[in-house]
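**Q** Can you keep this structure in mind? I'll have questions shortly.
The values are calculated or read from the model by the stated rules, or taken from the named source; none is laboratory data. Small disclaimer: the values here were computed from a predicted structure and weren't measured. Glycine gets a Cβ as well: all are built from the backbone with ideal geometry, and neighbour counts include every protein chain shown.
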Amino acid sequence: RAKDAGRGTAVVFDDTMHREAEERRLLQEDLRLALDGGQLRIGYQPIVSVRQGDIIGFEALVRWHHPERGLLLPSTFIALAEETGLIESIGAWVLRQACSDAMTWPAHMRVAVNISPAQFGSAALLNHVAEALAASGLLPDRLELEITEALFMNHLAESDGFLRDMRALGVRIALDDFGTGFSSLGYLTRFPIQKLKIDRSFVSGATDFENRKAVVEAIVGIAKSLHFETTAEGVETAEDLAWVRSLGCDQAQGYHFSKALPIDHVGAFILGFGNGSADAPATTHAA
Ligand code: C2E
Ligand code: MG
Ligand code: MG
Ligand code: MG
C-alpha cells in the first residue's frame with residue numbers, strides 16, 4: 001500500500017515536472033518573439049532626493065506585456081532570459097531604450113539600468129553600454145548601472161575589470177539590494193562604486209524593528225565615510241520616508257512616490273511632482 005502510494009506520488013510529481021518544463025519551453029519561445037514584437041516595455045520608477053524633495057532620476061524596470069498572459073514582471077522571465085542567452089539582446093535593448101528615453105528628461109536626471117549576472121563580465125556588455133551612449137547622445141554620468149551586491153561578491157575577479165571599463169566610459173555604478181550580500185568592507189574601498197541601494201527588506205515598515213535600524217545606520221555610516229550616495233529602496237509610506245530621512249539616507253525610492261511608470265507618463269509625473277516636497281505622494285500609474 002505504501003509502495004503504491006509512493007509510486008502514485010512519483011507519477012503525479014513526474015507529471016507536474018513535465019507540465020512545468022513544457023510551460024517553460026512555451027514561455028521561452030514567446031520570449032524570443034517578445035523583443036521583436038515590441039512586447040517588452042520599460043517602466044520608470046522615480047528616485048527622490050530626501051533633503052531637497054526633487055526627482056534625481058528614474059530606474060528602468062523591464063516589463064513584458066504578453067499578448068495572452070498580460071503584464072509579466074521580471075521575476076517571471078529574467079531567469080528564463082538568462083538561461084536561454086536572450087538576456088544579452090534584452091539587456092542591450094533596455095540600455096538603448098533607457099538612454100534614449102532619458103534624453104527626453106531634464107538634463108540633471110539620471111537613468112539607472114539593472115545588469116544581470118549573465119551579462120556581467122562579457123565584452124559584449126561594454127560594447128552595448130558604449131553603443132547606447134553613442135546612439136542616444138546621453139552623457140555617461142547620467143547612466144547608472146545597478147549590480148546586485150550578491151552578484152558583485154560572487155564575481156569579484158570579473159568585477160574588477162568590468163568596473164574599471166565602466167568608469168573609463170564615465171558611467172556610474174550602484175550596488176543594488178545592499179545589505180543582503182555579505183560584502184567585505186575591504187572590497188567596497190577597492191572598487192569605484194558611487195552608490196549603495198539599501199535593500200527594501202530593511203526599509204519597508206522598518207520603524208518597528210530595532211535590528212533593521214542598526215543595519216541601515218551602519219550602511220549609511222559606511223557609505224558616508226567612503227563618499228558613496230545611498231538610496232533607500234521600498235519606501236512605501238510617509239513613515240518609511242521620515243525614518244530613512246532621520247537615518248541620513250540621500251535618496252528614497254518606492255511606492256510612496258510611485259510605481260514604475262510607462263514612458264508616456266514620465267513627463268507629466270515630473271511636472272506634477274514640481275516643487276512639491278518629498279513627503280507628498282504623487283499619483284501612481286503602474287507600468
Ligand atoms: P530591483 O532592481 O531591486 O528593483 C526594485 C524592485 O522593487 C522592482 O521590482 C520594483 O517595482 C520594486 N519596488 C519598488 N518600490 C517598491 C516598494 O515600495 N515596495 C515593494 N514591495 N516593491 C517595490 P520589479 O520591477 O518586479 O523588478 C524586480 C527585479 O528584477 C529588479 O530588482 C531587478 O533586479 C530585476 N530587473 C528589472 N528590470 C531589469 C532589467 O532590465 N534587466 C535585468 N537584468 N534585471 C531587471
Ligand atoms: Mg535595481
Ligand atoms: Mg534593488
Ligand atoms: Mg531587488
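**Q** For the stretch 132-140, state whether one or more residues are within 16 Å of ligand 4 (Cβ to nearest atom) and in a loop (DSSP other than H, G, I, E, B).
**A** Step one: filter the stretch 132-140 for residues within 16 Å of ligand 4 (Cβ to nearest atom), giving none.
No - not one qualifying residue is present in the stretch 132-140.
**Q** So, in the stretch 41-77, of the ones that are among the polar types (S, T, N, Q) and touching a strand residue (DSSP E or B) at 6+ places or on another chain (Cβ under 9 Å), which residue ends up farthest from H265 (Cα to Cα)? Working first, answer last.
**A** Of the stretch 41-77, the ones among the polar types (S, T, N, Q) are 45, 49, 52, 75-76.
From what's left, touching a strand residue (DSSP E or B) at 6+ places or on another chain (Cβ under 9 Å): 45, 49, 76.
On the way: Q45: 11, S49: 20, T76: 25 Å.
Filtering first and then ranking leaves T76.
**Q** If you take the residues in the stretch 52-75 that are touching a helix residue (DSSP H, G or I) at 6+ places or on another chain (Cβ under 8 Å) and away from ligand 2 (no atom under 15 Å from the Cβ), which one is nearest to A124 (Cα to Cα)?
**A** W64
**Q** Looking only at strands (runs of 3 or more DSSP E) that lie completely in the stretch 18-77, which have at least 2 residues being within 16 Å of ligand 3 (Cβ to nearest atom), modelled with pLDDT of 95 or more and crowded, with 17+ Cβ neighbours inside 10 Å? Before the answer, list the steps.
**A** On the way: elements: 40-49, 55-66, 70-72.
Result: 40-49, 55-66.
**Q** Consider H108 carefully, then state whether it is farther than 20 Å from G137 by Cα, more than 16 Å from the chain's Cα centre (by Cα) and surrounded by fewer than 19 Cβ atoms within 10 Å (Cβ to Cβ).
**A** Numbers: farther than 20 Å from G137 by Cα: no; more than 16 Å from the chain's Cα centre (by Cα): yes; surrounded by fewer than 19 Cβ atoms within 10 Å (Cβ to Cβ): yes.
Judged against the criteria, H108 is not a match.
**Q** Okay, moving on. Please work out if A260 is near ligand 1 (Cβ under 9 Å from one of its atoms) and under 15 Å from the mean Cα position of the chain (by Cα).
**A** Details: near ligand 1 (Cβ under 9 Å from one of its atoms): yes; under 15 Å from the mean Cα position of the chain (by Cα): yes.
It is true that A260 is near ligand 1 (Cβ under 9 Å from one of its atoms) and under 15 Å from the mean Cα position of the chain (by Cα).
**Q** Which one is farthest from R172 (Cα to Cα), of the residues in the stretch 129-151 that are modelled with pLDDT of 95 or more and within 12 Å of ligand 1 (Cβ to nearest atom)?
**A** Of all residues in the stretch 129-151, those modelled with pLDDT of 95 or more come to 129-146.
Cutting the leftovers down to within 12 Å of ligand 1 (Cβ to nearest atom) gives us 144-146.
On the way: E144: 4, L145: 6, E146: 9 Å.
Across the stretch 129-151, the extreme among qualifying residues is E146.
**Q** Can I ask one more? Mind telling me which of the residues L95, L133, L143, L86 ends up being touching a helix residue (DSSP H, G or I) at 6+ places or on another chain (Cβ under 8 Å) and closer than 17 Å to R32 by Cβ? I'd like the intermediate steps shown before the answer.
**A** Working: L95 fails: closer than 17 Å to R32 by Cβ; L133 fails: closer than 17 Å to R32 by Cβ; L143 fails: closer than 17 Å to R32 by Cβ.
Result: L86 is the single residue among L95, L133, L143, L86 that is touching a helix residue (DSSP H, G or I) at 6+ places or on another chain (Cβ under 8 Å) and closer than 17 Å to R32 by Cβ.
**Q** For the list (1) among the charged types (D, E, K, R); (2) assigned to a helix (DSSP H, G or I); (3) under 18 Å from the mean Cα position of the chain (by Cα), I need the number of the one condition that R167 fails.
**A** In the conditions (1) among the charged types (D, E, K, R); (2) assigned to a helix (DSSP H, G or I); (3) under 18 Å from the mean Cα position of the chain (by Cα), R167 misses (3) alone.
**Q** Sticking with this structure for a sec: Taking the condition of being basic (K, R), in a loop (DSSP other than H, G, I, E, B) and over 22 Å from L73 (Cβ atoms), how many residues in the stretch 221-263 meet it? Walk me through it before giving the result.
**A** Taking the stretch 221-263 first, the residues basic (K, R) are 224, 245, 259.
Filter once more, so that each one left must be in a loop (DSSP other than H, G, I, E, B): 259.
Restricting the remaining residues to those that are over 22 Å from L73 (Cβ atoms) gives none.
Going through the stretch 221-263 one residue at a time, the tally reaches 0.
**Q** Identify all residues within the stretch 148-202 that are buried (at least 21 other Cβ atoms within 10 Å of the Cβ), within 16 Å of ligand 4 (Cβ to nearest atom), of a type in the set (G, A, S) and under 26 Å from A124 (Cβ atoms); write none if there are none.
**A** A174
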